[in-house]
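Visitor: I'd like to ask some things about the structure below.
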């Protein structure tokens, strides 16, 4: 599992930055499942992806299908954890809590594998 914390709205440059970092960290071809957020499917990104097709391939989920998106289960997990902590004192405290929780998940692969046990996202599992 990889993640990136950023401020502001998601845009194509932020997404490209994430994909570039992902490509540097992971050896071999990356197959990434994405939803239909506009930044995932711009012409600019398509041209950029085409030049990297040997290293990276995106698979687009059908529109309005959050149950099929493994990210949604991780997001729900993160939000539940943050809700347990009540109100956070500052933006820095929020960022620190998010990073700590995500790093914890990252260090325990079985905690991520559980998200793929759901019938709706089993298609994305290595064990499928």
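Visitor: Starting from the coordinates of the alpha-carbon atoms of the stretch 64-128, obtain the Kirkwood hydrodynamic radius over all distinct pairs and give the value in Å to one decimal. Provide the component values of the computation, followed by the final result.
Guide: Values: mean 1/r = 0.0770 Å⁻¹.
Roughly 13.0 Å, rounded to one decimal.
Visitor: Oh, and also: Taking the Kirkwood radius as the inverse of the mean 1/r across Cα pairs, report the Rg/Rh of the stretch 1-60.
Guide: Details: Rg = 11.1 Å, Rh = 12.0 Å.
Looking at the stretch 1-60, the ratio lands at 0.92.
Visitor: Could you state the angle between the C-alpha long axis of helix 91-107 and the longest principal axis of the C-alpha atoms of the chain, as a value from 0 to 90 degrees rounded to the nearest 10?
Guide: Compared with the principal axis, the helix lies near 70 degrees.
Visitor: If you line up the long axis of helix 12-25 against the longest principal axis of the chain, both from Cα atoms, how many degrees apart are they, to the nearest 10?
Guide: The angle comes out at about 90 degrees.
Visitor: What distance in nm lies between label points placed 7 Å from Cα along the C-beta direction at residue 21 and residue 123?
Guide: Computed distance between label sites residue 21 and residue 123 equals 2.8 nm.
Visitor: Subtract the Cα-Cα distance of residue 78 and residue 1 from 0.36 nm times their separation in residues, and report this length gain in nm to one decimal.
Guide: Values: separation 77, 0.36 × 77 = 27.72 nm, distance 1.37 nm.
That pair, residue 78 and residue 1, stretches by 26.4 nm at full extension.
Visitor: Separation between the residue 106 and residue 46 pseudo-spin-labels, each 7 Å from Cα along Cα→Cβ, expressed in nm?
Guide: About 3.3 nm separates the two model spin labels.
Visitor: If you don't mind, there's one more thing I want to ask. Output the 0 to 90 degree angle, nearest 10, between the alpha-carbon long axis of helix 70-84 and the longest principal axis computed from the alpha carbons of the chain.
Guide: It is inclined by approximately 20 degrees.
Visitor: Could you give the distance between the Cα centres of the stretch 52-83 and the stretch 1-36, to the whole Å?
Guide: If we compute the Cα centre of each part, the gap is 12 Å.
Visitor: How far is it, in nm, from the label point at residue 97 to the one at residue 34 when both lie 7 Å from their Cα along the line to the Cβ?
Guide: 3.0
Visitor: What length, rounded to one decimal in nm, is gained on full extension from residue 14 through to residue 63, with 0.36 nm per residue of separation minus their alpha-carbon distance? Display every interim value, and only then the final one.
Guide: Numbers: separation 49, 0.36 × 49 = 17.64 nm, distance 2.17 nm.
Working it through step by step, the gained length comes to 15.5 nm.
We did not get these values from a lab; they are worked out from the coordinates using the rules stated. Since this is a predicted model, take the numbers as computed values, not measurements. All Cβ positions, glycine included, derive from the backbone under ideal geometry; neighbour counts span all protein chains shown.
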